[in-house]
1. Being part of a strand (DSSP E or B) and in contact with a Leu (Cβ under 9 Å, 6 or more places away or on another chain) is the filter here, so list the residues in the range 44-78 that pass it.
2. When you go through (1) surrounded by 18 or more Cβ atoms within 10 Å (Cβ to Cβ); (2) in contact with a strand residue (DSSP E or B) (Cβ under 9 Å, 6 or more places away or on another chain) one by one for residue 339, which number turns out not to apply?
3. State which residue pairs qualify: first residue over 16 Å from residue 166 (Cβ atoms) and without any contact (Cβ under 8 Å) to a residue 60 or more places away in the chain and inside the range 105-123, second residue assigned to a helix (DSSP H, G or I) and not charged (D, E, K, R) in any location, beta carbons under 6 Å apart, and separation of 6 or more residues or different chains.
4. When you check residue 257 against the structure, is it among the hydroxyl-bearing types (Ser, Thr, Tyr), farther than 21 Å from residue 107 by Cβ, part of a helix (DSSP H, G or I) and within 24 Å of the chain's Cα centre (by Cα), yes or no?
5. Consider residue 145 against the criteria (1) part of a loop (DSSP other than H, G, I, E, B); (2) surrounded by 15 or more Cβ atoms within 10 Å (Cβ to Cβ); (3) touching a residue at least 60 places away in the same chain (Cβ under 8 Å): it satisfies all of them except one. Which criterion is unmet?
Amino acid sequence: MHMADALLSPAVAAVMYAASGTAAGISIHQLKKEDDTSKLPTMAVTAALVFAGQMINYTIPGTGSSGHMCGGMMLTALLGPQAGFLSMIVILAIQCLFFADGGLMALGANCWNMAFYGCFVGYFLIWRPLMQNKTLFKSNSKGAMRTKIILASILGCVITLQLGAFSVVLETSLSGITELPFGAFVALMQPIHLAIGLIEGIVTSAVLIFVYESRPSLLKDVEVSPENTSNHSLKTTIIILAVVTLIVGGGLSLVASSNPDGLEWALFGNEESGYSANMGLDEEDFGISSSVADTAGSIQETTAFLPDYAFSGSDSPAGTTVSGIAGSAIVAAVAVGICFLGGFFRKKKQLT
């Protein structure tokens, strides 16, 4: 769902930068009140895991399309909406600047579409109400909590991806891209992202169930009953997640689907593989151009040392492996660095 600069007018891009910047500012203000240093390693490894997870496109059967996780629901369940949102900004900014994934002018829109809904809407309207529900789930047994986590993960991912996909359509329409009729674009974007969201929900629930079984105190708003003691220490849980991140980013990314993702599929189709042309846009010449977009593109060409998650001018699979491992490490380091610079989580606590 990473938007290219050609899909936005400078005015709409500026509005989306302002919206995402406002949400980031509020998040920073709220996080300055935090005092739980256990969030530092958790924030680092989960942000890295989401970066690695976004590299794996999974095929949507029968469509010629693929999808990849956004990760907002996973991060908000583990870190809370504010830290989750800032982590997503780090991920999307690094993807944009170092891997040329998503336009620089479109970064504000991408943060809103892929992070805001998953982190804030997903948390306040779905995750927290379900975790605190005492009517549908009268028991706090492990089985009931697992059901809550699975339900919240799937509902959260499906609903927030629908909101994000609709925002993409709305932003392009407001940008005046006449070759993307609103109704036709909606009719393509919403169903494909429904399927993508369902798969992301299943993956998210699997990760969160593992955390619940290993270290339930890491999950936001999950009541830890006496019968549900931690199976692993915080350090062990973090190490396991870090190893999974390396496997996903450095290994599984090599077998990612080559089909276009949901947004690219809607725009360009996949006729080469015998599927529909959909909107039928020319990949080399679509949307709108502007001096702002040209400047943003020039900056990306300078900063992107592994464009498209590969060595420049090479099809070697080693480029993908290096991208997955290096990108995950950069995301983890930047996330922790921002916490220290921002003065988040200052109170010292013993990690066990």
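1. Passing the criteria: only 67.
2. (2)
3. If the second residue must be assigned to a helix (DSSP H, G or I) and not charged (D, E, K, R), the pairs left are 119/72; 119/76; 119/81; 119/84; 119/85.
4. no
5. (1)
A short reminder: the numbers here are calculations on the coordinates, not readings from a lab. Please read all numbers here as calculations on a predicted model, not as lab measurements. Don't worry about glycine lacking a Cβ; one is built from the backbone with ideal geometry, like all the others, and counts go over all protein chains shown.
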